[in-house]
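So the structure is just underneath, and the comments pick up after that.
The values are calculated or read from the model by the stated rules, or taken from the named source; none is laboratory data. Remember, predicted model here, so these are calculated numbers, not experimental data. So basically every Cβ, Gly included, is an ideal-geometry build from the backbone, and we count neighbours across all protein chains shown.
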Amino acid sequence: MESTVGVTPPRVMTIAGTDSGGGAGVAADLRAMAACGVHGCVAVTAVTVQNSLGVTGVHTIPPETVAAQIESVATDIGLDAVKTGMLADSAIIRAVVAACDRVGIGADGQTPLVVDPVAASMHGDQLLADEALDAFRSLLFPRATLITPNLDEVRLLVGIDVHDRAAQYEAAKVLFGLGPRNVLVKGGHLREDTDSCVDLLYDGHTFVELPGPRFDTGDTHGSGDNMASAIASGLARGLSVPEAVARAKRYIVEAVRNAYPLGGGHGPVSPLWAVRPWWEEPTP
């Protein structure tokens, strides 16, 4: 077998908040990136007080510090893809956009940008002020290689309540009109589908349905973070958007299949299925 010692893997940055319970945010992103064979870098936007039951506190990072993290890594280590998660408020979104423009991150730059527009809780409650939603729509989406909203985020961003496949298609077209190069409308919350979970990819010309099994579990914390991180990892490895999304779909299906209970609330999806269990092998 050819040695990979000393070979630098693709580099991917997550611009997101922390989750002290480890189920979502940068902790989930870095686990997914490692499972997908890339080196993960971090620009922290907020520190949350969080466990499996929910979020009880948020401390945002100064916008200039968020921007400095991005530029520090991009100008030294370099980045092959970037994904965003929780951006907290409009000031941080503006700082992220400005930093990305300065170092060539985004659809018109050299580095692909995957935007997971974290705007709703697991229960569909709005997490961002209206001005931050406006900043997503007007500033960040036009720079995105791909956006990955779930159905609650679709409702908040474009006012479409997706209850069936036809509305999912309509939402993809409306979101594409906001400027991203590609849109992935995730179908995990679509009640019309009882046995499957169909995500819909749209590039302005072609729709691609990506079906997957639906699991009877409440342990899905961090699924959106994992999906976006897996897509960004695929893009960093040179895959096209459709290829990266299809590969990430396979990853997230197995991550949900292997989700585990944690605490008294929602447990996390697990990337451990993709990690070779070397620690279980006999010591030589």
Worksheet item: Would you pick out the residues in region 105-132 that are over 23 Å from L200 (Cα atoms) and either modelled with pLDDT of 95 or more or assigned to a helix (DSSP H, G or I) (or both)?
Response: I105, T111, D130, E131, A132
Discussion item. Quick check on region 67-80. Is at least one of its residues assigned to a loop (DSSP other than H, G, I, E, B), among the small types (G, A, S), at pLDDT 95 or above and surrounded by fewer than 16 Cβ atoms within 10 Å (Cβ to Cβ)?
Written reply: yes
Worksheet item: Has region 10-21 got at least one residue that is under 21 Å from L272 (Cβ atoms), surrounded by fewer than 17 Cβ atoms within 10 Å (Cβ to Cβ), modelled with pLDDT under 95 and not basic (K, R)?
Response: yes
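Residues are listed down the side, and each one gets a yes or a no for (1) of a type in the set (S, T, N, Q); (2) modelled with pLDDT of 95 or more; (3) over 22 Å from V96 (Cα atoms); (4) out of contact with any Gly (no Cβ under 8 Å at 6 or more places or on another chain):
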{"site": "D134", "(1), (2), (3), (4)": "no, no, no, yes"}
{"site": "S138", "(1), (2), (3), (4)": "yes, yes, no, yes"}
{"site": "R191", "(1), (2), (3), (4)": "no, no, yes, yes"}
{"site": "S196", "(1), (2), (3), (4)": "yes, no, yes, no"}
Item to complete: Return a yes/no flag: does region 47-60 have any residue that is out of contact with any Asp or Glu (no Cβ under 7 Å at 6 or more places or on another chain), crowded, with 19+ Cβ neighbours inside 10 Å and under 28 Å from P10 (Cβ atoms).
Response: no
Worksheet item: Any idea which of A35, A135, A98, A129 is crowded, with 19+ Cβ neighbours inside 10 Å, more than 22 Å from A230 (Cα to Cα) and out of contact with any strand residue (DSSP E or B) (no Cβ under 9 Å at 6 or more places or on another chain)?
Response: A135
Worksheet item: Here are R181, R165, R102, R143: which of them is modelled with pLDDT of 95 or more, farther than 30 Å from V49 by Cα, among the basic types (K, R) and more than 17 Å from the chain's Cα centre (by Cα)?
Response: R102
Worksheet entry | Counted residues, region 248-284 - those being within 19 Å of T220 (Cβ to Cβ) and either assigned to a helix (DSSP H, G or I) or in contact with a helix residue (DSSP H, G or I) (Cβ under 6 Å, 6 or more places away or on another chain) (or both) | 17
Practice prompt. Looking for whichever is within 29 Å of H266 (Cα to Cα), β-branched (V, I, T) and part of a loop (DSSP other than H, G, I, E, B) here; the options are T48, T56, T18. Which one fits?
Written response: T18
